[in-house]
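Have a look at the structure below before the remarks.
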Amino acid sequence: MSTTATVTSPVSEREQLSLHATAVSEEKKPEEEYRYKHLLPHFSEDHYPPLEPFEHVDPAFRALKLANPRAFLDSARSVSEITPHLGTEVRGVNLARLDSSGRDQLALEVARRGLVVFRDQQEFIDNGPDFYLEWGRHFGRLHIHPTSGHPKGYPQLHLVYRDASTSFNFERDDSITTILWHSDVSYELQPPGLTTFFLLTAPPSGGDTLFTSQVAALKKLSSQFVAFLKTLKAVHSGVEQANFSRAGRRGGTVRREPVENVHPVVRKHPVTGEEALYVNRQFTRRIVGLKREESDAILNLLYDHIDKSADVQARAKWEPYTVVLWDNRITAHSANVDFRHLPYARHGARITPQAERPIPALEGLDLSA
């Protein structure tokens, strides 16, 4: 890895501003120092070589061998389904205190439910970035995002940040909606599996994260069409995201050259065996072997299906000290920037372990381009 001079964080001149989610007052008041100032976005000019393949063993496999693979929930005050297809909300379990076996069980629960929302996790959030890295490494190799901001000295932590006048997110301003379904960095050869995300600052309302079950979405399609989809593979690309930053937006940094990789249109979860759609508007570009019009017709049909299937979607609302975990292999999600016209900040951190290369639902599918 070669390193060049580090640039100053684009938010350094704003660090004396209060980033609490409160309305901007017309009166001058003493401002408190921001509690999570050390986790504000920093954009270094470090450069990284291409990612190397690695062997991933999902910790959920260990939980499958336990007599009670949900024992980590025994102390919960409440465990409730958010929707039948997707999502569970848990209160009374302290994630920061889970031992190795508890984390294995958590991985299995997230694989089965797709999305698990934990409330009252102040200890987890306040444990800080060294703890975040230790937590994430239990679930896989930590991904370093090629373009996003990170806390200074912690490139493995992906940050989202927007306030009344600034955004360091990958957003499309020329759309009538802020909703853009995606699976995180699906352009990587080995995209993420279990992912952890939490907000440090949130608007008083809005800024929710939307999720959809790619398992349930697949099951809604006809068996004949699904059989055809299983024969297909698609290119996922990070080029647009890199060009967005090269144009001077989001901090203007590209630390690793963008890649494109081929993944099955329908993938199989290695632990549960469930099959799921694996395409998304943000990063999927074309179906290999089809003519442009054919590829566009199929992908647009699937994108529209994902967009409109509200009956397999769930919404995570950001109460204070909420930690959300999801499985990127079987879900898609979107931020909801419905607060962008208001003077509030939304500042979050994502811990993103990579998993295996997507396994085709059709055994023997050739994933070469």
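Note on segment 40-356: with charges restricted to the Cβ of Lys and Arg (+1) and Asp and Glu (-1), its dipole about the Cα centre is near 340 debye. With the highest mean first, a sort of the peptides 181-193, 76-88, 321-333 on other beta-carbon atoms found within 10 angstrom per residue produces 321-333, 181-193, 76-88.
One Cα centroid belongs to segment 61-109, the other to segment 188-259; the line between them spans 25 Å.
Values of log10 I(q)/I(0) for segment 40-356 across q = 0.10, 0.11 Å⁻¹ run -0.54, -0.67, by the Debye formula with one identical scatterer at each alpha carbon and no solvent.
What pairs in Lys220/Lys317; Lys230/Lys308; Lys230/Lys268; Lys37/Lys152; Lys268/Lys291 have C-alpha atoms more than 18 Å from each other? The answer is Lys220/Lys317; Lys230/Lys308; Lys268/Lys291.
Paramagnetic label reach from Ile179 (point 7 Å along Cα→Cβ; backbone nitrogen cut-off under 20 Å): within segment 204-239, residues 205-221. Here the 3J(HN,Hα) profile of segment 184-197, calculated from phi with Karplus coefficients 6.51, -1.76 and 1.60 at θ = phi - 60°, is 3, 5, 5, 6, 6, 4, 10, x, x, x, 5, 10, 10, 9 Hz, Gly and Pro shown as x. Between Pro155, Pro343, Pro264, the residue with the greatest mean-square fluctuation in the GNM of the chain (Cα pairs under 10 Å linked by springs) is Pro343.
Straight-line reach from Lys65: taking Cα to Cα under 20 Å and skipping same-chain neighbours fewer than 8 places apart, no lysines fall in range. Of all beta bridges that DSSP places with both ends in the chain, some 95 percent have antiparallel geometry.
Counting charges near Val323 (Lys, Arg +1; Asp, Glu -1) among other residues having Cβ under 14 Å from its Cβ returns a value of 0. Label separation (Asp366 vs Arg315): 4.7 nm, computed from points 7 Å beyond Cα along the C-beta direction.
The phi torsions of segment 41-57, fed into the Karplus equation with coefficients 6.51, -1.76 and 1.60 and a -60° offset, translate into couplings of x, 10, 10, 6, 9, 4, 10, 10, x, x, 5, 9, x, 8, 8, 10, 10 Hz, rounded to whole numbers, with Gly and Pro shown as x. Packing, as the average of other Cβ atoms within 10 Å across residues, places the peptides 287-296, 208-217 in the order 208-217, 287-296, highest first.
Read the figures in this text as sums done on the coordinates, not as results from a lab. Nothing here was measured: the structure is a model prediction, and the numbers come from that model. Ideal geometry is used to build each Cβ from the backbone, glycine not excepted, and the neighbour counts take in all protein chains shown.
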